[in-house]
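Note sheet for the following structure.
The values are calculated or read from the model by the stated rules, or taken from the named source; none is laboratory data. Only a predicted model underlies this, so the values are computations on that prediction, with no experimental measurement involved. All Cβ positions, even for glycine, are placed from backbone atoms using ideal geometry, and neighbour counts span all protein chains on display. Side chains included, ligands, DNA and RNA excluded: accessible areas come from the protein's heavy atoms. Shrake-Rupley method; radii C 1.70, N 1.55, O 1.52, S 1.80 Å.
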Amino acid sequence: MTTPSHTGIMIPIVNDKLPPSSLGLLAAATPCTVLVFGPVSSDNRQYLSRYGADRVIGLDTNRENSENFPGVKSRTLARAMEAFGISALLGNADPKTMDLFARTAAILDIPLAQDCIDIDLKNQTLVKPLYSGKLTATVQVEAPMFMATLRPNSLSTETPKNTQAETGNDVEKEEPAVEIFQPEAGDFGRVNILERIQSPSRGPELTEARVVVTGGRGMGSDQGFDLLHELAPLVNAAVGASRSAVDAGFAPYAMQVGQTGKTVSPQLYIACGVSGAVQHFAGMRTSKTIVAINKDKEAQIFNRCDIGILADLFQVLPVLIERLKARSKP
Amino acid sequence: MKIVVCVKPVPDTGAEIGLTDTMAPDLAQIPLMINPYDESAIEEAVRIVEARGTGEIVLVTASGSPDVEPVLKTAMATGAHRAILIQTGHKTEDRGIADPRATARAMASVIQADGLPDLILTGRAAADTQGFQTAYRLAAALDFPIATEVSSLCVEGESLKMKRRRAAGNSRFSRLPCPVWYRSPKPSIPQDIPGSRISSRQRKRGSAHIPNRQGYSPAGIPDQQHNPHTGKRQSGNAHRRYHRAGRNTHTTHWPNAGNRRIKGIP
């Protein structure tokens, strides 16, 4: 076998499922070493092999309840990177991973680029948005070891050409094992999570959804958002809110999209009653298609969308919902 | 109780930012403001001190921009007792990004020299560079535990109990022993003072530079203005360089530790 790869990716496996965003990472980093906290099922191991992982390392923090001690995971990750000679570690730019990577980079004192939208591993360049996405910088990393998190849905998930899946060369290989790495026991850090409160989730996660429907101040009230919650499941969308809507109390902060909220990059972004201020645009500018519904013809959003609907959203949305329901009826 | 709040001056977050002829961010006409997330950290510090009836709040910032003092004084006016400005060679309006490792080291040495606080607060991220890491590096340098995305916190005896916001609206309650870092997620921008300050500065400088840039392209991907700004930082055995492949680049050398001065603001 050739020398193992020095590019690593860290994937969270939740309920035995690989998140969709990990495909993008695999495609970008192939061949790579995959590091995972927790058990890796045989199916997942084979899947990872097929799509470019030549090593899979299961990280065992050697401590119970390590989820409650963020310092433990970062220390384990840092030691694993050293042990396996990982020179570049990539991850998803979600809050948990960004926190973990920042802690790990601080332990190792190596460069870290967060929330990048593209990467070229051969040349060690990254593309990172600055000033809330108003500009992008192409950054060259010249360091023997570095880490980067990539915004979900920013990398193509097309199967790279050189994987086993493409060659059709389905030779029966000995199933590659998952190597377990366990660092020596140590101090578990002083952050202790006491309690977790799960809020009821409605639909896909905002940052991972392929379609996002956002309500702005034009929704008028939190009842106005009921329309969006009715529309969302019909297109498998997540519902977002602009800062004005959150400040006015129409929606919780967890739904906020924008400079001071979440950044999303869906295939389709539908902005209802959103003025389209620069700070909101910062949170969704990389959406592939933007549709705006607003009755104000001066609204800035109309300068920034692919399809603009100058109409009262309370007239348009019910019609849209009705048509979508009719279409989905057998 | 001594609370240090680390703040960063950033370009006005509402301004449109274009590129100069040399492909650097065109920040010359854009006024500085305190990072909105850091403002909420200052407010939280004030809340804690007021609740306890006593305490000292010290702002710490690292910047080389000549215009940062008025911005810092405005931030102090919301309730800080002192501010320490670490003068670096890096100006916010310059090309390039200040290296988070160097910033963290500078702040760590200054904070140690001034006397370790019980609590360090800062905003969740800087609105301009959004590197999401300087606080962690500073926490590691000072050996403080760090918690992020904190939406509310209260001091309970020797430890800090906090509620943290997570993805999909989950929250957690965490407890940390003091001293500790905290990064506040929600910005709250005071509506009066910064607004009038910004408009008067714009009047002094003439109209803000509106670059001629194309808008959103129907092909689906917005026109991205590539801003490959160049900068070279010297730091041990690893450095980051920004450049545009295939064309001539020019490098800006960051100052090394010897050039940093520490200036206290009364």
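Scanning segment A:316-330 for residues that are surrounded by 11 or more Cβ atoms within 10 Å (Cβ to Cβ) and farther than 12 Å from A:Glu230 by Cβ returns A:Val316, A:Arg323. Would it be correct to say that A:Gly91 is within 18 Å of the chain's Cα centre (by Cα) and modelled with pLDDT of 85 or more? The answer is yes for A:Gly91. Does segment A:153-168 contain at least one residue that is modelled with pLDDT of 70 or more, open to solvent by 10 Å² or more (accessible area, probe 1.4 Å) and within 25 Å of A:Gly276 (Cα to Cα)? Yes, that holds for at least one residue. Within segment B:93-104, does at least one residue satisfy the condition of being closer than 28 Å to B:Val155 by Cα, out of contact with any strand residue (DSSP E or B) (no Cβ under 8 Å at 6 or more places or on another chain), open to solvent by less than 40 Å² (accessible area, probe 1.4 Å) and at pLDDT 85 or above? Yes, segment B:93-104 contains a residue that is closer than 28 Å to B:Val155 by Cα, out of contact with any strand residue (DSSP E or B) (no Cβ under 8 Å at 6 or more places or on another chain), open to solvent by less than 40 Å² (accessible area, probe 1.4 Å) and at pLDDT 85 or above. Could you tell me whether segment A:224-237 includes any residue that is touching a helix residue (DSSP H, G or I) at 6+ places or on another chain (Cβ under 9 Å), over 13 Å from A:Leu206 (Cβ atoms), open to solvent by 30 Å² or more (accessible area, probe 1.4 Å) and within 12 Å of chain B (Cβ to nearest Cβ)? No, every residue in segment A:224-237 fails to be touching a helix residue (DSSP H, G or I) at 6+ places or on another chain (Cβ under 9 Å), over 13 Å from A:Leu206 (Cβ atoms), open to solvent by 30 Å² or more (accessible area, probe 1.4 Å) and within 12 Å of chain B (Cβ to nearest Cβ). Filter segment B:53-86 for residues that are modelled with pLDDT under 85, of a type outside the set (Asp, Glu) and more than 14 Å from the chain's Cα centre (by Cα) and give the result. B:Pro66 - this is the single residue of segment B:53-86 that is modelled with pLDDT under 85, of a type outside the set (Asp, Glu) and more than 14 Å from the chain's Cα centre (by Cα).
Could you list, in sequence order, all residues of segment A:218-245 that are of a type in the set (Asp, Glu), under 16 Å from A:Gln315 (Cα atoms) and free of Cβ contacts under 8 Å to residues at least 40 places away in the same chain? Result: A:Asp226, single match. Condition test on A:Leu150, is it within 26 Å of A:Pro39 (Cα to Cα), at pLDDT 90 or above and away from chain B (no Cβ under 11 Å)? Here the answer is yes, as A:Leu150 does meet what is asked. Report yes if some residue within segment B:39-53 is over 24 Å from A:Val139 (Cβ atoms), away from chain A (no Cβ under 14 Å) and in contact with an Asp or Glu (Cβ under 6 Å, 6 or more places away or on another chain); otherwise report no. No, there is no match, as no residue in segment B:39-53 is over 24 Å from A:Val139 (Cβ atoms), away from chain A (no Cβ under 14 Å) and in contact with an Asp or Glu (Cβ under 6 Å, 6 or more places away or on another chain). One residue is enough: does segment A:115-129 have a residue meeting the conditions touching a residue at least 60 places away in the same chain (Cβ under 8 Å), more than 11 Å from chain B (Cβ to nearest Cβ), open to solvent by 10 Å² or more (accessible area, probe 1.4 Å) and closer than 18 Å to A:Leu25 by Cα? Yes: segment A:115-129 contains one or more residues that are touching a residue at least 60 places away in the same chain (Cβ under 8 Å), more than 11 Å from chain B (Cβ to nearest Cβ), open to solvent by 10 Å² or more (accessible area, probe 1.4 Å) and closer than 18 Å to A:Leu25 by Cα.
B:Leu160 meets each of the listed conditions (1) surrounded by 19 or more Cβ atoms within 10 Å (Cβ to Cβ); (2) within 21 Å of A:Phe101 (Cα to Cα); (3) modelled with pLDDT under 70 apart from (2). Can you find a residue that is open to solvent by less than 10 Å² (accessible area, probe 1.4 Å), in contact with a strand residue (DSSP E or B) (Cβ under 8 Å, 6 or more places away or on another chain), modelled with pLDDT of 90 or more and at the interface with chain B (Cβ under 7 Å from one of its Cβ atoms) anywhere in segment A:138-147? No. Within segment A:238-277, being within 14 Å of chain B (Cβ to nearest Cβ), buried (at least 24 other Cβ atoms within 10 Å of the Cβ) and on the phi > 0 side of the Ramachandran plot holds for one residue alone: A:Gly258.
When residues in segment A:70-96 are screened for being part of a helix (DSSP H, G or I) and within 14 Å of another protein chain (Cβ to nearest Cβ), 10 of them pass.
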